[in-house]
Amino acid sequence: MRITRHYLSIHGRRVHYRRAGSGPPLLMVHQSPRSSAEYEELMLRWGADFTCIAPDTPGFGQSDPLGPKSSGADPDINDYADAVVEFARALGLTRTAAYGFHSGGIILVTALKRHPAFFSGLAVGGYAIWAPQEMAIFGEAYLPPFRPSLYGEHLPWLWHRIMEQSWFFPWFDVRDAARLPGAHDDPVRVHAIVMEMLDAGDAYRAGYGAVLRAPRDIPPVNAVTPPVLISAYDGDPLQAHIDRLGAMPAGWRAQKVATAAEHQAISLDFLRDHSGPVVEHLAEDDDAGFLPVATAGFDGLIHWQGKGNYIELHPPGSEGALVDAPDAIRIDLPGHGLSSGWPSGMPEHNLNWEGVAAQAARAFDIETIEAAPYMDGDPDRLFPDLTPDRHGSYLTKAWSIVRARQFFAPWYEAKAANASIFDPATITPDRLALEHRALLRATSARAFAQALQQEDD
């Protein structure tokens, strides 16, 4: 089973979604400030029973944010709930089961109350019922602005904020009484969320804030709604909130369980019993997407965007979105941008890279492939190790690189003789942030540069 990825535009707003499996649809809504990537493992298992569909909610992952309301106010929980249902209907769904964890569950409960006929059943992992004094913390302190700074000062804050949210709740309440039982210092786990925050940028405040400020109104006991299961496992800080739910409508039940695996098992059983009708075709955009490509050494998804009669390739350490070629189809090569990485060792010869590009070109019935210029230099120095470390220093290292390469060629030779002419527009914080994120995504940049250099030699 493979997870595929797609885009669907609704009134000009692009929505990115993941899909896996077959059978009746299952709409899966992630928690904030994450993306649908958090459900990949679950989709591969639940895809045996369902066509799992996991969108990035507005402003997270690769989905465009919602605009402000006509009053100028940020969108609220109703807007996010309506956006999820609007996406599902545009996709072609008429009635569906759904699953949401934490804030994903809050979005879906709101959607179910506003559109009850659209849902056949809903399983929720942890549902927060905040006391007024608890709600008071979800203000400016919890959701400060997050914007790129000229010299990367925002990055150490981001790293420690994400790591320490597993240590304390709220993350800024550094007291023994606020400690969490699931504390960790795993750089791989922190990096995944850091990258999602870099995708969201300051839009995280609108989406996350809408969820945190949402009223936790369980429908009255006489309400007629689709069935709902709410469960939470030991160690989940929302397990205690099961006792706060109070009386619920017929068909609703809440349960405490011991483990995350048990929560997932009872949720799956419940969803099997309350599935919707099968949908044969799901809509998607025709000007961007993810192309399955299988060549020697590669078997994965290639991200592409645009329309045109030729393909434009980005240089090592970059991605298609940063290439100025509006009349071309721009692809992300393996281990760059949003494309899959090489499944095994990095290829040493450019023929492997050319093979991927050629396969993509054939899929689009295109003959011409062009390549953007790339920076010459020692690949080992151009693209040093950026493996996530315990202290997040790789983030500032990458920022230093993308800033220096605006001024010198190669960037590691900061000498007058190596000075390069630059456009002031390339050193704005927002532009540097785009290049910084692309460099962090480019896990095969060094291998690509080495392959190009060998070909030139």
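Tally up the residues in the range 171-192 that are surrounded by 18 or more Cβ atoms within 10 Å (Cβ to Cβ) and either basic (Lys, Arg) or at pLDDT below 95 (or both), please. So that I can check it myself, show each step before the final result.
So in the range 171-192, the residues surrounded by 18 or more Cβ atoms within 10 Å (Cβ to Cβ) come out as 171, 187, 190-191.
Subsequent filtering for residues that are either basic (Lys, Arg) or at pLDDT below 95 (or both) retains 171.
The qualifying residues number 1.
Residue-wise test of (1) closer than 19 Å to residue 319 by Cα; (2) out of contact with any helix residue (DSSP H, G or I) (no Cβ under 9 Å at 6 or more places or on another chain).
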residue: 359; (1), (2): yes, yes
residue: 365; (1), (2): no, yes
residue: 386; (1), (2): yes, no
residue: 395; (1), (2): yes, no
residue: 401; (1), (2): yes, no
residue: 404; (1), (2): yes, yes
residue: 415; (1), (2): no, yes
residue: 429; (1), (2): yes, no
residue: 441; (1), (2): yes, no
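Name the residues in the range 320-334 that are closer than 15 Å to residue 291 by Cβ and in contact with a Lys or Arg (Cβ under 8 Å, 6 or more places away or on another chain), would you?
Those that are closer than 15 Å to residue 291 by Cβ and in contact with a Lys or Arg (Cβ under 8 Å, 6 or more places away or on another chain): 320, 329.
Any chance you could count how many residues in the range 174-192 are without any contact (Cβ under 8 Å) to a residue 24 or more places away in the chain and of a type in the set (Gly, Ala, Ser)? Give the derivation first.
Narrowing the range 174-192 to residues without any contact (Cβ under 8 Å) to a residue 24 or more places away in the chain: 174-179, 183-184, 186, 189.
Checking the rest, the ones that are also of a type in the set (Gly, Ala, Ser) come to 177-178, 183.
So the count comes out to 3.
Condition first: part of a loop (DSSP other than H, G, I, E, B) and either under 13 Å from residue 78 (Cα atoms) or among the hydroxyl-bearing types (Ser, Thr, Tyr) (or both). Now tell me which residues in the range 201-224 satisfy that.
Taking the range 201-224 as the starting set, the residues that turn out to be part of a loop (DSSP other than H, G, I, E, B) are 213-224.
Once the filter is applied, which keeps residues that are part of a loop (DSSP other than H, G, I, E, B) and either under 13 Å from residue 78 (Cα atoms) or among the hydroxyl-bearing types (Ser, Thr, Tyr) (or both), the range 201-224 yields 213, 214, 215, 216, 217.
Can you name every residue in the range 63-81 that is under 21 Å from residue 285 (Cβ atoms) and out of contact with any helix residue (DSSP H, G or I) (no Cβ under 7 Å at 6 or more places or on another chain)?
63, 64, 67
Going through the range 346-368 one residue at a time, which ones are farther than 22 Å from residue 321 by Cα and either without any contact (Cβ under 8 Å) to a residue 12 or more places away in the chain or among the hydrophobic types (A, V, I, L, M, F, W, C) (or both)?
Selection gives 346, 351.
Step by step: first the residues of the range 145-156, then only those that are within 20 Å of the chain's Cα centre (by Cα) and surrounded by 12 or more Cβ atoms within 10 Å (Cβ to Cβ), then the one that is farthest from residue 238 (Cα to Cα). Which residue is that?
148
Quick one: which strands (runs of 3 or more DSSP E) lie wholly within the range 5-88 and hold at least 2 residues that are in contact (Cβ under 8 Å) with a residue 60 or more places away in the chain, in contact with a strand residue (DSSP E or B) (Cβ under 7 Å, 6 or more places away or on another chain) and under 20 Å from residue 339 (Cα atoms)? If you could, list the steps in order and put the result at the bottom.
Details: elements: 13-21, 25-29, 51-55.
Those strands (runs of 3 or more DSSP E) span 13-21.
Identify, please: which residue in the range 401-422 is of a type in the set (Val, Ile, Thr) and either at pLDDT 95 or above or closer than 17 Å to residue 323 by Cβ (or both) and is, among those, surrounded by the most Cβ atoms within 10 Å (Cβ to Cβ)? Steps first, please.
If we filter the range 401-422 for residues that are of a type in the set (Val, Ile, Thr), which is where we start, we get 401-402, 421.
With the extra rule that they be either at pLDDT 95 or above or closer than 17 Å to residue 323 by Cβ (or both), the set shrinks to 401-402.
Details: 401: 19, 402: 23.
Checking each candidate, the answer is 402.
If residue 168 meets every condition in (1) buried (at least 18 other Cβ atoms within 10 Å of the Cβ); (2) touching a Lys or Arg at 6+ places or on another chain (Cβ under 7 Å); (3) of a type in the set (A, V, I, L, M, F, W, C); (4) not assigned by TED's automatic domain parsing to the domain that holds residue 269 apart from one, which number is that one?
Of everything listed in (1) buried (at least 18 other Cβ atoms within 10 Å of the Cβ); (2) touching a Lys or Arg at 6+ places or on another chain (Cβ under 7 Å); (3) of a type in the set (A, V, I, L, M, F, W, C); (4) not assigned by TED's automatic domain parsing to the domain that holds residue 269, residue 168 misses just condition (1).
Residues in the range 170-187: is at least one under 27 Å from residue 36 (Cβ atoms) and not in a loop (DSSP other than H, G, I, E, B)?
Scanning the range 170-187, I find at least one residue that is under 27 Å from residue 36 (Cβ atoms) and not in a loop (DSSP other than H, G, I, E, B), so the answer is yes.
On the basis of being free of Cβ contacts under 8 Å to residues at least 40 places away in the same chain and among the acidic types (Asp, Glu), does residue 299 make the cut? Spell out the reasoning first.
Numbers: free of Cβ contacts under 8 Å to residues at least 40 places away in the same chain: no; among the acidic types (Asp, Glu): yes.
The answer is no for residue 299.
Do we find that residue 159 is aromatic (Phe, Trp, Tyr), assigned to a helix (DSSP H, G or I), closer than 30 Å to residue 393 by Cα and not assigned by TED's automatic domain parsing to the domain that holds residue 59 in this structure? Explain how you work it out, then say what you get.
On the way: aromatic (Phe, Trp, Tyr): yes; assigned to a helix (DSSP H, G or I): yes; closer than 30 Å to residue 393 by Cα: yes; not assigned by TED's automatic domain parsing to the domain that holds residue 59: yes.
Answer is yes for this residue.
Would the range 107-116 turn up any residue that is part of a helix (DSSP H, G or I), within 15 Å of residue 252 (Cβ to Cβ) and touching an Asp or Glu at 6+ places or on another chain (Cβ under 8 Å)?
Yes - at least one qualifying residue is present in the range 107-116.
Look at residue 72 and say whether it is assigned by TED's automatic domain parsing to the domain that holds residue 25 and modelled with pLDDT under 95. Please lay out each step first, then the result.
Numbers: assigned by TED's automatic domain parsing to the domain that holds residue 25: yes; modelled with pLDDT under 95: yes.
Yes.
Run down 425, 451 and say which single residue is buried (at least 21 other Cβ atoms within 10 Å of the Cβ), more than 16 Å from residue 394 (Cα to Cα) and at pLDDT below 95.
Exactly one residue qualifies, and that residue is 451.
Is it the case that residue 89 is under 29 Å from residue 190 (Cβ atoms) and either surrounded by fewer than 22 Cβ atoms within 10 Å (Cβ to Cβ) or in the same structural domain as residue 125 (by TED's automatic domain parsing) (or both)?
In short, no.
Does residue 164 meet the test of being acidic (Asp, Glu) and in contact with a Ser or Thr (Cβ under 6 Å, 6 or more places away or on another chain)?
no
Show the residue pairs that are 6+ apart or on different chains and have beta-carbon atoms under 6 Å apart, the first residue being within the range 249-262 and closer than 24 Å to residue 119 by Cα and in the same structural domain as residue 221 (by TED's automatic domain parsing), the second being surrounded by fewer than 16 Cβ atoms within 10 Å (Cβ to Cβ) and among the aliphatic types (A, V, I, L, M).
Filtered contacts from the range 249-262: 249/221; 249/223; 254/245.
The values are calculated or read from the model by the stated rules, or taken from the named source; none is laboratory data. Computed from a predicted structure; not experimentally measured. Note that we place each Cβ from the backbone using ideal geometry, even for glycine, and neighbour counts take in every protein chain shown.
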